[in-house]
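The values are calculated or read from the model by the stated rules, or taken from the named source; none is laboratory data. This structure is a prediction, so every number in the text was calculated from the model and none was measured. Cβ atoms come from the backbone with ideal geometry, glycine included; neighbour counts cover every protein chain shown.
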Amino acid sequence: MTLDPLVAALDYGSVLIFALTGALVASRAQLDPVGFIFMAAMTAVGGGTLRDLILGQPQVFWVARPSLVVVAAGAAMVVFWTAHLFESRYRLLLWLDVFALSVAVPAGVGVALEGGFSPIIVVIMGVVTGTFGGLMRDVVGNEVPLVLKQGEIYLTAAFGGALTAVTLAGLEVGQAWALMACGLVTFILRAGGLARGWRLPVYRPRPPRNR
Amino acid sequence: MTLDPLVAALDYGSVLIFALTGALVASRAQLDPVGFIFMAAMTAVGGGTLRDLILGQPQVFWVARPSLVVVAAGAAMVVFWTAHLFESRYRLLLWLDVFALSVAVPAGVGVALEGGFSPIIVVIMGVVTGTFGGLMRDVVGNEVPLVLKQGEIYLTAAFGGALTAVTLAGLEVGQAWALMACGLVTFILRAGGLARGWRLPVYRPRPPRNR
Amino acid sequence: MTLDPLVAALDYGSVLIFALTGALVASRAQLDPVGFIFMAAMTAVGGGTLRDLILGQPQVFWVARPSLVVVAAGAAMVVFWTAHLFESRYRLLLWLDVFALSVAVPAGVGVALEGGFSPIIVVIMGVVTGTFGGLMRDVVGNEVPLVLKQGEIYLTAAFGGALTAVTLAGLEVGQAWALMACGLVTFILRAGGLARGWRLPVYRPRPPRNR
């Protein structure tokens, strides 16, 4: 399976950063080193694995390139030895997750674009690749899922980034530019949500008919 | 991938109704509109996706027909704007879920029958297609899983419906009749459980040997 | 799909024992008989299904051999009728899980070795096959996941066993010996952890920089 170098680089970056977040959740659950590696690897490859299975790729990306798993394991060990240096591990987790999302969404979009899938599928693959690793991390690690945390712009950021990429790709601006714009839009939306409190209106039951 | 029109219609129906239930869970978790779409889409296609992956279908059904995802997103928006009109959203959720199950089980059975799989596999695919979307909805949305709620006839209804279909298909009564009977039996069992309290005996530890 | 008889036997053994543990969790949740079968089957085939999907096997193992599911259902019924005979169902669950892990890890390793995958992938498949069924069982059944229980040697046992198999296979000692050693090492590590309290150091935040 030959892959565009940019898409391959996005896969590596997303694995590395998501692995750091998985290991941070392992640190909050006070797991042992092998538990760190497990959480890091699951978070790192979860979204991309689901993407590859759904798209029917000839091989799951990390089976084709096992060194990705070594990267995740290395990241887990770095966190095991250094996490105590940070004032707030949760704050660090939140911000690393922003970067991971901003790299994983274009990674998902890129693979789906190369496969020639329809725009709807490309957008979904961006969102799936960006979010499922973190969702598994939070469900298994017993954290409140960031993806669905009330009032956070998270899915919206992934969705906005993926939509940007599809629009630009449709305008034939070149895949590299489309993917970079995708990552940038995802980052701006998510970081703005975290740092500035940007959000969409949430569902709030209006007064019921009678009482 | 050409598919029997009846099976395709069942897929559409099950996606639409399960999407409504997913959006209702999103409303109970007070998510934003994109959260509604995410929960609706995951619930709507979760069971069928697992079915297609396990059976090794050439393409996952909604990758072949992306309009299904648009249906789910539309359903999510309808719920976002109208959910407050209902007295009890949980009651509505329960009953929509009954209809979704009664459509999704024959959808799963139909695909497996067309693939020529053995009766055991056909039954399992009916149960998997009917239940996994709802299970993911409840685990991610932090609801008590309906599938396993103590004393509810849920799996039993799916199982009974799928068994009916396989039996009738074995008697060569025609696939359309088998699938309709499947949906009907599932509905009667599940609705009877909900409205009349029908249930199977649950496990209760008998008095232990000594104390 | 012809499979080495030893690997096939490991699949059967792992399905049987994991099914017993799934049914025990169902008994703790006081489900009905169909709920027992669901939990037993999901636990029994969950890890191997994920393995086969990730490796891109031509067919998922229990779709190729549906009798495996019948075995799991039978095990569920045995537990439904006999679980009350045991003093502590949780203790029984823990120990059955030890045996299941010690059979499932070599089952995963065996399939990956036969497929000619790289050592890293073989090790991961051993761990995935050994742990994901139990992880799904615990997440769905609302138990604290054994896999990640703080201070338990669990992943480490699976990892140690899989590493042993890959090392021996690399030394060309014959696949049967490699798989048996794999099961034995997994068992000794996990049983030692349970009976003797063996464990790895867990992450504990050292004193922060200032306060």
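State yes or no: is residue A:11 acidic (Asp, Glu), away from chain C (no Cβ under 12 Å) and buried (at least 20 other Cβ atoms within 10 Å of the Cβ)? Spelling it out, residue A:11 is indeed acidic (Asp, Glu), away from chain C (no Cβ under 12 Å) and buried (at least 20 other Cβ atoms within 10 Å of the Cβ).
Looking at the stretch B:197-207, is at least one residue out of contact with any Leu (no Cβ under 7 Å at 6 or more places or on another chain) and part of a helix (DSSP H, G or I)? No, there is no match, as no residue in the stretch B:197-207 is out of contact with any Leu (no Cβ under 7 Å at 6 or more places or on another chain) and part of a helix (DSSP H, G or I). Checked against the criterion of being within 11 Å of chain A (Cβ to nearest Cβ), in a helix (DSSP H, G or I), in contact with a helix residue (DSSP H, G or I) (Cβ under 6 Å, 6 or more places away or on another chain) and modelled with pLDDT of 90 or more, the stretch C:109-117 contains one or more residues that satisfy it. Checked against the criterion of being under 26 Å from residue C:165 (Cα atoms), among the basic types (Lys, Arg) and out of contact with any Pro (no Cβ under 7 Å at 6 or more places or on another chain), the candidates C:65, C:89, C:28 yield just one match: C:65. Applying a threshold of 6 Å to beta carbon distances and a minimum spacing of six or more residues, or different chains, the list of pairs starting in the stretch C:165-176 at a residue that is without any contact (Cβ under 8 Å) to a residue 40 or more places away in the chain and ending at one that is hydrophobic (A, V, I, L, M, F, W, C) and assigned to a helix (DSSP H, G or I) reads C:168/C:178; C:168/C:181. Residues in the stretch C:78-98 that are within 11 Å of another protein chain (Cβ to nearest Cβ) and among the hydrophobic types (A, V, I, L, M, F, W, C): C:79, C:80, C:81, C:83, C:85, C:86. Just one of the listed residues (B:40, B:73, B:29) is aliphatic (A, V, I, L, M) and surrounded by 23 or more Cβ atoms within 10 Å (Cβ to Cβ), and it is B:40.
Filtered by the rule that a residue be in contact (Cβ under 8 Å) with a residue 40 or more places away in the chain, over 13 Å from residue B:47 (Cβ atoms) and part of a helix (DSSP H, G or I), the stretch B:132-145 gives a lone residue, B:140.
If you go through the stretch C:9-45 and pick out every residue that is free of Cβ contacts under 8 Å to residues at least 24 places away in the same chain and either part of a helix (DSSP H, G or I) or among the polar types (S, T, N, Q) (or both), you end up with 5.
Is the stretch C:51-58 home to any residue that is part of a helix (DSSP H, G or I), of a type in the set (Asp, Glu) and under 12 Å from the mean Cα position of the chain (by Cα)? Scanning the stretch C:51-58, I find no residue that is part of a helix (DSSP H, G or I), of a type in the set (Asp, Glu) and under 12 Å from the mean Cα position of the chain (by Cα), so the answer is no. Selection over the stretch C:100-120 of residues that are surrounded by fewer than 21 Cβ atoms within 10 Å (Cβ to Cβ) and either hydrophobic (A, V, I, L, M, F, W, C) or touching a residue at least 24 places away in the same chain (Cβ under 8 Å) (or both) gives a count of 5. Could we say that residue A:179 is more than 30 Å from residue A:26 (Cα to Cα) and in a helix (DSSP H, G or I) here? Yes, satisfied. Within the stretch B:131-171, being of a type in the set (S, T, N, Q), crowded, with 21+ Cβ neighbours inside 10 Å and more than 11 Å from every other protein chain (Cβ to nearest Cβ) holds for one residue alone: B:164.
Criterion first (crowded, with 17+ Cβ neighbours inside 10 Å and either touching a residue at least 60 places away in the same chain (Cβ under 8 Å) or not acidic (Asp, Glu) (or both)) does residue A:92 satisfy it? In short, yes. Candidates A:64, A:73, A:8: the one that is at pLDDT below 95 and over 17 Å from the mean Cα position of the chain (by Cα) is A:64. Looking at the stretch C:186-193, can you tell me whether even one residue there is of a type outside the set (A, V, I, L, M, F, W, C), in a helix (DSSP H, G or I) and facing another protein chain (nearest Cβ under 8 Å)? No: zero hits. For the stretch C:173-207, taking the residues that are among the basic types (Lys, Arg) and modelled with pLDDT of 85 or more, the one that is surrounded by the fewest Cβ atoms within 10 Å (Cβ to Cβ) is identified as C:196.
Restricting A:156, A:167, A:129, A:82 to those that are part of a helix (DSSP H, G or I), under 18 Å from residue B:33 (Cβ atoms) and of a type outside the set (A, V, I, L, M) reduces the list to A:156. With the condition kept exactly as written, say whether any residue in the stretch A:119-126 is away from chain B (no Cβ under 14 Å) and not aliphatic (A, V, I, L, M). No, the stretch A:119-126 contains no residue that is away from chain B (no Cβ under 14 Å) and not aliphatic (A, V, I, L, M).
Yes/no matrix, rows are residues, columns are (1) within 12 Å of chain C (Cβ to nearest Cβ); (2) hydrophobic (A, V, I, L, M, F, W, C); (3) touching a strand residue (DSSP E or B) at 6+ places or on another chain (Cβ under 9 Å); (4) under 20 Å from residue A:98 (Cα atoms):
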residue: A:17; (1), (2), (3), (4): no, yes, no, yes
residue: A:35; (1), (2), (3), (4): yes, no, no, no
residue: A:53; (1), (2), (3), (4): yes, yes, no, no
residue: A:71; (1), (2), (3), (4): yes, yes, no, yes
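The residues of the stretch B:90-104 that are farther than 14 Å from residue B:137 by Cβ and out of contact with any Phe, Trp or Tyr (no Cβ under 9 Å at 6 or more places or on another chain), listed by number, are B:91, B:95.
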